[in-house]
Amino acid sequence: MTSSSFSGAMDLSALKAKAQAGAQGGGAPGGAGNYVVEISQANLQQVLGESVKYPVIVEFWSPRAQGADELSATLSGLANSSGGRFLLGRIDVDAQPEIAQALGVQSVPTVLALLGGQVAPLFQGTQPAEQVHAIVDQVLQAAVANGIVGTAPSQGGAPAGAAGENAPEPPADPRFEAADAALAEGDFVKAEAEFDKILAETPNDAEAKAGKAQVGLLARTSGVNNDPKVAIARADVEPDDVDAQLAAADFELVGGDPGKAFDRLIGLVRRTAGDDREKVRRRVLELFETVDPADSAVLKARRDLMTALF
């Protein structure tokens, strides 16, 4: 995985349709471990949809692949020790060749990440445990930057020594069902409209504000034509181009570097005036909603923004 973003993610709508057509019983995913699930046509659509709530790392494997067992053990250990910060989905390419083909997997092992209903390649082949750990950390940072900070539900019995530690998952808030469904389908316009409906009734709803901000960020950074390297390079050579700076900050935040994104925009606040300054200020406040309010980058940026404005 690059440190830039998930902007090269492919459209999963066709794959979802195939999964829905192939599902014969629906049912919840069954798992090989606490936060490990075996993915098939029957539960693929559900797993894709859940990636709007928490990160999903997908491992394509085969018993024929040399070194696959060690990689599986490393990924499973990271998933189970994460406490639900991400779900590991395992796909046996021998048993599920259609899924592998739909996602363009040509060799095993191959590992992908799902965030917000989009998929990004991480690596092919075996990797040292330390490198796998670092890559997973990058995925989790990108998830936080996108406001995807939910906890994956336990997929089976608790690991040894952890009995009784996992509290039942709270029921999902029905107010967000329509927005979550639209986001899972990649319909950002509809998702934003659903969050607007909630905010019209409860203007100070923190979850709805964060959800709307997340949708906006995903909409601006998604699509095959959005290249983060190009956007950031353009902004670096055109420091006074407001739109270029806004775009670069989006990609820096999605790439897991909120501090750099906020520094870029707050510097722009200092250099602009009038409508341009207000536009940038509003974007900074919007991006605050996509990051944990206790994050040190947010705390610093709030102080810096106040200094820049006053």
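The values are calculated or read from the model by the stated rules, or taken from the named source; none is laboratory data. For clarity, every value in this text was computed on a predicted model and none was experimentally measured. Cβ: placed from backbone, ideal geometry, glycine included. Neighbour counts: every protein chain shown.
Look through region 98-155, keep the residues that are among the acidic types (D, E) and more than 16 Å from the chain's Cα centre (by Cα), and return whichever of them is surrounded by the most Cβ atoms within 10 Å (Cβ to Cβ).
Ranking the qualifying residues of region 98-155, first place goes to E98.
Would you confirm whether or not region 6-18 contains a residue that is of a type in the set (A, V, I, L, M, F, W, C), surrounded by 18 or more Cβ atoms within 10 Å (Cβ to Cβ) and modelled with pLDDT of 80 or more?
Within region 6-18, the first condition is being of a type in the set (A, V, I, L, M, F, W, C), and the residues that meet it are 6, 9-10, 12, 14-15, 17.
If we keep only those that are surrounded by 18 or more Cβ atoms within 10 Å (Cβ to Cβ) as well, we get 6, 9, 12, 15.
Then keep just the ones that are modelled with pLDDT of 80 or more; that gives none.
No: region 6-18 contains no residue that is of a type in the set (A, V, I, L, M, F, W, C), surrounded by 18 or more Cβ atoms within 10 Å (Cβ to Cβ) and modelled with pLDDT of 80 or more.
For region 111-122, does any single residue satisfy the condition of being at pLDDT 90 or above, outside the structural domain of E289 (by TED's automatic domain parsing) and not hydrophobic (A, V, I, L, M, F, W, C)?
no
Taking A193, is it more than 26 Å from N34 (Cβ to Cβ), at pLDDT 90 or above and assigned to a helix (DSSP H, G or I)? Write out each step before concluding.
Numbers: more than 26 Å from N34 (Cβ to Cβ): yes; at pLDDT 90 or above: yes; assigned to a helix (DSSP H, G or I): yes.
Taking the combined requirement at face value, the residue satisfies it.
Can you name the residue in region 256-270 that is among the small types (G, A, S) and in a helix (DSSP H, G or I) and is also surrounded by the most Cβ atoms within 10 Å (Cβ to Cβ) among such residues? If you could, list the steps in order and put the result at the bottom.
Pass one, region 256-270, residues among the small types (G, A, S): 256, 259, 261, 267.
Imposing the further condition that a residue be in a helix (DSSP H, G or I) reduces the set to 259, 261, 267.
Working: G259: 16, A261: 28, G267: 15.
Restricting to residues being among the small types (G, A, S) and in a helix (DSSP H, G or I), the top hit is A261.
State which residue pairs qualify: first residue under 23 Å from L44 (Cα atoms) and inside region 182-196, second residue among the aromatic types (F, W, Y) in any location, beta carbons under 9 Å apart, and separation of 6 or more residues or different chains.
A182/F188
Considering each of V144, V132, V149 in turn, give the residue that is among the β-branched types (V, I, T) and modelled with pLDDT of 85 or more.
V132
Would you tally the residues in region 281-300 being closer than 12 Å to P258 by Cα and in a helix (DSSP H, G or I)?
Final tally of qualifying residues: 8.
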